[in-house]
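Written out below as structure tokens is the structure these notes cover.
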Amino acid sequence: MSKTYGNESISALHGAERVRLRPGVIFGSDGLDGCEQAFFEILSNSIDEAREGYGKEIEVTVYLNHSICVKDHGRGIPIEFNEKEQRFNWELVFCELYAGGKFNNGARSNYKYSLGLNGLGTCSTQYTSSYMDVTVLRDSKEYKLHFEKGENVTPNGFQVKNVKSKETGTTIHWLPDDQVFTDIDIPPEYFADIIRRQAMINPGIRFILHTETAEKKFREDIFYYENGITDHIQEVLNSRKPISPICEFSDEKTGRDKEGQEDYSVKIHCAFCFTTSISCIEHYHNSSWLEHGGSPEKALRVAFTGVLDEFLKKAGKYNKTEAPISYQDVYDSLIFISNNFSTKASYENQTKKAVNNKFIKDAMTDVLREQLTVFLTENKPAADRILAQVLINKRSREQAERSKLNIKKKLTGTIGLENRVQKFVDCRTKDVSKRELYIVEGDSALGSVKQGRDAEFQAIMPVRGKILNCLKADLPTIFKSDIITDLLRVLGCGVEVSAKGSKGLPAFNRKNLRWNKIIICTDADVDGFQIRTLILTMLYRLTPSLISDGSVYIAETPLYEITSKGKTYFAFDDKEKTSLLKKLRGSVQIQRSKGLGENDPDMMWHTTMDPATRRLIQISLGDAEEASRMFDLLLGTDLQGRKQYIADHGEEYLDQLDVD
């Protein structure tokens with residue numbers, strides 16, 4: 001049905017609606033991430049005050065009802081009438097987007113370096129709150145304001161009274177609105193992490209986190225770093241001994257992003273050291289953690305990789321024709337923290353997770369190159385250890401990449417005359433919707449299954465012996481197994497593992513699977529069950545989607561062969577055997593079923609391979625998880641758990657014991 005689209009179709013959002021209806025525009029999300037960002041907007045204003053020397057303590061209180069309170073001892077937000085703007089300051093700060101005291105970062109500014117830039121945070125947080133209470137102390141007065149759903153409901157705009165105390169500061173207590181954000185239950189770990197980071201990059205400022213654990217009962221955590229980022233490096237090292245001393249340096253540069261723009265200042269503060277086993281890279285700008293890096297990350301990559309490459313060449317450390325190092329080789333042994341400030345910052349967006357100024361990148365690149373060059377020159381023993389470690393990282397990476405490339409070729413190569421999987425027997429049809437792969441137990445089963453199959457659509461892959469327990473083995477060990485890599489090649493769909501060692505392996509692609517059904521077919525005895533479980537475990541670890549989408553089956557094989565009056569019947573368990581015996585009259589001959597390799601082709605076809613008469617069990621992810629859990633319990637390293645299981649359930653298996 002058509003709708004009229006005319007002059008009256010265009011509308012504009014006003015007041016609190018500008019943020020309440022589209023919080024993701026300001027906070028990056030209308031979910032929990034956005035709610036967390038709103039908290040950080042309020043916290044950052046208190047940090048800016050403390051950094052300018054107004055107050056050395058910030059308190060954050062988190063309540064059980066999800067409300068949050070931030071209290072500082074800064075100068076206090078101006079509340080009263082602003083002659084220049086002809087409006088009250090409380091309106092500008094709490095009800096006007098793009099209003100604040102941080103637009104001018106020049107010599108006459110209240111804040112030379114500040115996290116807040118756009119005049120959006122406080123107002124937007126107020127707009128998205130169910131309520132917000134503000135208390136301001138300044139000029140020997142106490143101001144109070146109360147907002148609900150983005151509107152000031154305080155009589156006369158604000159309440160004010162004279163106080164004798166000279167104390168100053170701002171306290172903001174608000175409840176994020178669950179009608180705006182889809183989730184307002186910020187986890188305690190987030191508050192602890194963000195406050196710890198702020199304490200680390202703002203040395204000398206004391207942060208106190210109060211968390212309500214029961215009604216009116218609070219846990220108190222104090223965060224304070226006397227030496228800032230160097231203390232944090234010691235935390236990361238956690239008593240490990242680095243191969244170089246910690247190097248800390250600061251510098252300040254002035255410049256512009258391009259011609260025609262005004263100059264601005266960049267204050268660079270970094271610390272680093274090298275290790276043999278761990279790495280940690282963190283960038284902060286104007287007190288904001290740059291989770292996505294941006295300019296500082298680009299500068300670090302260029303400067304450190306370039307300088308170390310130059311020193312390696314000068315020292316003749318490279319082998320002839322050896323490729324130069326990459327940033328990854330440096331990263332693997334580097335702990336590096338940058339804590340920079342600038343009077344102008346071009347953030348990726350309001351969430352401030354990346355800064356993209358060209359001058360910041362250029363200035364930081366120059367400073368890092370200079371400082372690392374001086375450090376390596378003046379610390380020869382440490383420089384030798386660093387260069388040696390970077391080369392070790394490089395050569396280990398290259399060796400791992402070569403190994404992964406070989407594995408990738410093994411797993412993704414087309415199976416043909418020149419590239420056959422040993423003893424794999426393919427079927428004739430190329431129609432994937434009809435093709436079935438039987439994974440059978442050993443070479444002995446291969447013969448009878450091969451003769452009993454329908455060669456048009458049924459292929460056979462014998463598994464030689466017991467394969468690895470893929471839940472216990474690491475990826476390099478798994479992919480050294482020819483049995484496993486051959487089976488994965490036959491499947492053709494790659495692997496879906498996200499562990500560190502899987503980078504460079506063929507990614508899982510369901511469209512490349514060569515089979516409609518993957519059928520595990522083993523003997524109906526203990527060894528057969530164990531092999532079946534190992535194959536399921538391998539598929540569960542390396543290709544779980546094949547299980548979850550219903551492509552994996554188990555072929556039930558008969559446990560008993562019963563002959564009566566010249567006819568042969570098959571029972572798949574004791575219950576079925578008992579039922580058959582009741583129906584059959586006269587003499588019967590009962591024989592426990594032989595292994596698959598001893599069955600004649602007709603029996604194999606009738607009991608296990610004929611789509612009309614066979615019994616297949618489709619495996620679900622829960623089945624595979626349970627099989628893997630039991631396998632790990634009964635054959636893994638948990639000796640005490642195994643003893644307890646046998647004690648609790650051993651009697652259930654007494655009739656299956658094979659003893660004379």
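The values are calculated or read from the model by the stated rules, or taken from the named source; none is laboratory data. No experiment lies behind these values; they were computed from the predicted model shown. Ligands, DNA and RNA are stripped out before the accessible areas are found, and what is left, the full protein with its side chains, is counted by its heavy atoms. Shrake-Rupley method; radii C 1.70, N 1.55, O 1.52, S 1.80 Å.
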Accessible area, 1.4 Å probe, largest first: how do HIS606, HIS146, HIS283 sort?
-> HIS606, HIS146, HIS283
Before anything else, pin down the relative contact order of region 242-284: Cα pairs under 8 Å, at least 6 apart, normalised by residue count, whole percent.
-> 47 percent
Accessible area of the chain belonging to carbon and sulfur atoms, whole % at 1.4 Å probe | 48 percent
Using every alpha carbon pair in region 516-649, what percent of pairs falls into each 10 Å bin from 0 up to the bin containing the largest distance?
-> 11, 33, 31, 19, 6, 0
If you wrap the chain's Cα atoms in a convex hull and average its projection over all directions, what's the area in nm²?
-> 47.5 nm²
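Give the accessible surface of the chain per residue, rounded to a whole number of Å², with probe radius 1.4 Å and ligands, DNA and RNA excluded.
51 Å²
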Heads up, I need the accessible area for PHE457: 1.4 angstrom probe, whole protein in place, Å², nearest 10.
-> 40 Å²
Note, ³J(HN,Hα) from phi for region 186-203, Karplus 6.51, -1.76, 1.60, rounded to Hz, x at Gly and Pro = 5, x, x, 4, 5, 4, 4, 5, 5, 6, 4, 4, 5, 5, 5, 8, 10, x
